[in-house]
Structures are given as structure tokens and as C-alpha cells.
Amino acid sequence: MTSPAKPPVITPYRRLDPKTQPPLLYEPYRASVERAPRKPLILLPQTLSEITGPVYGHGDIQATDNDLTRQHAGEPQGQRILVTGRVLDDAGRPVPHTLIEIWQANAAGRYIHKADRNAAPLDPNFSGTGRTLTDAQGHYRFVTIQPGAYPWGNHPNAWRPRHIHFSLFGTAFATRLVTQMYFQGDPLIPFDPLLNAIPEEKARERLICKFDPNLTEPDWALAYRFDVILRGREATPFEGQ
Amino acid sequence: MDYTPTPSQTVGPFFMIGFAGPLLISHIAAPGVPGERVKLVCTVFAGENQPVNDALIEIWQANAEGKYNHSGDPQEKPVDPSFLGFGRQGTDDLGVCVFHTIKPGRVPANDGSLQAPHLVVGVFTRGVLQRLPTRIYFAGDPANDSDPVLALVPAARRVTLLAQPVPGEPETWRFDVHLTGARETVFFDI
Ligand SMILES: [Fe+2]
């Protein structure tokens, strides 16, 4: 069996604190009872396969991809909002030029998806999808409309709080994150099993964007700040065994 | 400042509206990319055999030389800029999605040995609040016996990580993901 002359230098990404992340199985979220794996995860020391990952460039993004209000002939219905923030690692360092994808319901709480049975109108001027790359300092910005709350079948009279789905790649397979951003003061938040699956209150608050009067643009749009923190790397490399 | 990583949430049932377009990738390797061609047919199940029609599968892999198209791979081997090594598909009504790619080469392990050819995989679905990381190895590859990651898995469960060749269909491999049930797939904490 051939071996390379020396082992690769692996500086792994730090592991997550389970109190700050939702568990796989959370009974109040009914679908997790059907679908969450029951056997314990197997701890895998990161290898070259996990500390590398897909990286996208500007060629994959169109100019209007971060403005969900300009993707059709007319303007969508709803309250125009800016959602802006930074993508950082767990030491506060910016994650530059990384892909962010978002998707959301329209102002009436309806997704443009064939499986969405919510009896609310579609908006011909709103697709509800956007993508962008962070800049050199990790900043990003979306222009969209305030999504509506929508009913779902999880429990009697269940409604999802207003939210925007976020998907981020970061720098490696290990940093991939799919999450949801919620809005400060939404009365549905205390009843939402997805958000409340996260054990620590402080951790749940990290998914709630903050209204920012300074970023709000007069006579045009309300602004919300939402920073996303991805896993960062250990301080020292792991070399050989 | 608090820089604790942001919590994960489920991808939900409607992610395809966000991922439709250029970044929904079935052809990981275009025709002409060097390597042994692989058509990978993935099926996602919950319970014993219920197909999951709203799962998302993401794949990351090295090229045929065992080199990743990423700045974090220090190996002095060439990369083909046309081969990123990333694929992403949603499952259909039968729980199936298909990738067209090449079998990756062997990537160094942390102890300097070589890992067996494998793809790293992330499974996302409604009902699961985190990404589920797993790996796809190729049944019958002699390198599997000395792979340090497979060695972490109880012997009886290793089969859940093996793609199987489909009889009578050249270059075609089948990989089943069982979220739950007796044949539950091995998922990793990375
Ligand atoms: Fe949603």
C-alpha cells in the first residue's frame, strides 16, 4: 500500500455546543418523530474531506439576485425590508466571498411551491428566492418584503412565525449551515417548536434579527440586522496521530 | 461580543424554490472529466421503507487523483477548474435523485495513510433540524478494508455506507439513505 510522504496538516473546525443547537429528535416537532435518526452519531475526526468544500464565485450570481423586489415586471405586495448583516466565524473574523441563499413566503404567507397548500394568494411579482456573496469584510444585503406567517399541520392551530430561510456554505464542508431567521417581537415565536427545539434561550435569540433604525431608509424600507456565525477553526493544527 | 455559532434549523418542505437554478447540480463531472464514470442513484427512506419526497442531498468529492478543488488541499496535484466536485439534488416522488460523476481517487487520512474512495454527503430534510453528514463508499473496493473512517463504524453498520453496483446497468451504483428504522444509515458528528 502506498502512503504519501507526510500526513496532511489538518486544522479542524471547532465542535458545536449541543445546548446551542437543536437536537435531532424533538417530540413537539412531529415530523422529527417520523424522520430523526435514533442511533447516536459517530464522532468523525475531520479529514481533508471535511475541511475542504465547494466555493462559488461571482459568475454564479446575477446582479438582481439579492433584490427580491426586482425580479418581475411589477413590485411585490408587502412591506419592503432590507435584511443585512455579516457572516463571521466564531472568533469574529469575517467570512468573505461566501454564498448565501434565501427563500421565503410572500406577504400573505404563501410559497411559490407546488406542495404549499396554504389558502393564501400567490403574488405574480414575487418568487421569494435570493442569493448573494458576502463582500471582503463578510457583509451581505438583501432587499425583500416582510414574509407572512403561515399555518402548518404540526398541532391544532399551528402557525409558523414569520421567517426567512437561510443557507450558507462558508469555507468548508464542515461549516455548511441551513437555518431560519425570525423577527423580533413576533407573537408566534413562543409557540414555535422549530425555534424552541434549541435548548438555550440565548441561542434561540441568535436566530432573531434586530430592527435597525439607522439602516432603515427614509420613505423606502425598514431595515433588520442579522449576523450569521459559522464554525471557526481550532487554534492549532492537528498533525498526524 | 458573542460569536457562538448560529443554530441550525430544518430546511423545511419548500427549499426547492431557493435552490432551483444554476446551483442545483446533477452532473458533478461533465463528460470528459478523467476518471471512472459513476451514475449514482440515491433514494431516501424514513421508517422501514417510506420514500422521502422532500429531501435534499449534497455531495462533495475529490477528483480522480484524490485532490479537492479547494485551497485547503495542500497536495501537489493538478486541479481541473471545470470540476468543482459539488452536487446537489432534491428527491422526487419516489424519494430518488441521481448524480453523474466520477469515482474519486484516494485522499490522505490524518495519519498519512490513504482513505478509500468516498464522497462526503449532507442530507437535509423536513423533520430533521440539522444536516445529516454521511459518506458514500464503493462496495467491493479493496481499500475499504483499511479505511480509517469506516473503521470507526461498528462492522454490522458499515454496509449502510456502501453504494452497490446495479446488476445489468454499467457504471450505475445505488445508495439508499435510511433516516430511521432497522437499516438506519450511519450519520457522523463532524
Ligand atoms: Fe418556511
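The values are calculated or read from the model by the stated rules, or taken from the named source; none is laboratory data. Because the structure is a prediction, the values reported are computed rather than measured. Because the Cβ atoms are built from the backbone with ideal geometry, glycine has one as well, and the counts that use them run over all protein chains shown. Protein only, heavy atoms only, side chains kept; ligands, DNA and RNA dropped before computing areas. Shrake-Rupley method; radii C 1.70, N 1.55, O 1.52, S 1.80 Å.
Ignore the peptide's own chain and count Cβ atoms of other chains within 10 Å of each Cβ in B:17-26; give me the average, rounded.
Mean shielding by partner chains, rounded to a whole number: 6.
Give me the accessible area per residue for segment A:131-217, probe 1.4 Å, as a whole number in Å². Could you put the intermediate results ahead of the total?
Numbers: 3270 Å² over 87 residues.
Value for segment A:131-217: 38 Å² per residue.
Please average, across the residues of B:120-129, the number of beta carbons from any other chain that are within 10 Å of each residue's own beta carbon, and give a whole number. Walk me through the numbers on the way to the answer.
Details: counts 8, 1, 4, 1, 3, 3, 6, 10, 10, 16.
Averaged over the peptide's residues, the number is 6.
Would you tell me the accessible area of B:S71, worked out with a 1.4 angstrom probe on the heavy atoms of the protein chains, in Å² to the nearest 10?
Probe radius 1.4 Å; accessible area of B:S71 about 120 Å².
On a 1.4 Å probe surface of the protein chains, which of A:K114, B:K67 comes out largest in accessible area, and what is the full order? Walk me through the intermediate numbers first.
Numbers: A:K114 180, B:K67 20 Å².
Reading off the accessible areas and sorting them downward yields A:K114, B:K67.
So how exposed is B:V33, as accessible area in Å² (1.4 Å probe, rounded to 10)?
Its accessible surface works out to 20 Å², give or take rounding.
Averaged over peptide A:163-170, how many Cβ atoms belonging to another chain are found within 10 Å of each residue's Cβ? Before the final figure, lay out the partial values.
On the way: counts 2, 1, 8, 3, 7, 1, 3, 0.
Per-residue shielding by partner chains comes out at 3.
Ignoring ligands, DNA and RNA and using a 1.4 Å probe, state the total buried accessible area between A and B in Å², rounded to the nearest 100.
On the way: alone 14360 and 10480 Å², together 17860 Å².
What A and B bury together is about 7000 Å².
In a Debye calculation with equal point scatterers on the alpha-carbon sites of chain A and no solvent, what is log10 I(q)/I(0) at q = 0.07, 0.11, 0.16 Å⁻¹?
Listed by q, the Debye log ratios stand at -0.28, -0.67, -1.30.
Cα gyration tensor of chain B, axes a ≥ b ≥ c as square roots of the eigenvalues: rounded (a/c below 1.5), prolate (a/b > b/c) or oblate? Could you put the intermediate results ahead of the total?
Values: a/c = 1.27, a/b = 1.19, b/c = 1.06.
Cα axes put chain B in the rounded bin.
Using a 1.4 Å probe, how large is the accessible area of A:R14, given in Å² and rounded to the nearest 10?
Result for A:R14: roughly 70 Å² accessible.
Within segment A:141-155, find all residues whose amide N lies under 12 Å from a label point positioned 7 Å from the Cα of A:Q77 along Cα-to-beta-carbon.
A:148
Summarise the accessible area of chain B (1.4 Å probe, protein heavy atoms) by the percent that is carbon and sulfur.
Values: 3870 of 6900 Å².
Of all accessible area on chain B, carbon and sulfur atoms account for 56 percent.
Give me the aspartates and glutamates in straight-line cross-link reach of A:K19: C-alpha distance below 18 Å, same-chain residues under 8 apart excluded.
Partners within reach: A:E27, A:D90, A:D192, A:E200, A:E201, A:E205, B:D2, B:D189.
Counting only C-alpha contacts under 8 Å and six or more residues apart, can you give the relative contact order of chain A as a whole percent? Write down the numbers at each step before the final one.
Numbers: 494 pairs, mean separation 67.8, N = 241.
Value for chain A: 28 percent.
Under a point spin-label approximation (7 Å from Cα along Cα-to-Cβ), what is the A:T236-A:W159 distance to one decimal in nm?
Going from the A:T236 label point to the A:W159 one covers 5.4 nm.
Could you work out the relative contact order of chain B? I mean the mean sequence separation of Cα pairs under 8 Å and 6+ apart, divided by the number of residues, in percent. Each step should come with its number before you reach the end.
Numbers: 403 pairs, mean separation 50.8, N = 190.
In percent, rounded to a whole number, it is 27.
Counting only protein heavy atoms and using a 1.4 Å probe, what share of the accessible area of segment A:58-229 belongs to carbon plus sulfur, as a whole percent? Walk me through the intermediate numbers first.
Working: 3820 of 7260 Å².
That fraction is 53 percent.
Against the globular-protein guess of 2.2 N^0.38 Å, express the Cα radius of gyration of the protein assembly as shown as a ratio, rounded to two decimals. Can you show the working numbers first?
Values: Rg = 21.3 Å, N = 431, 2.2 N^0.38 = 22.1 Å.
Output field value: 0.97.
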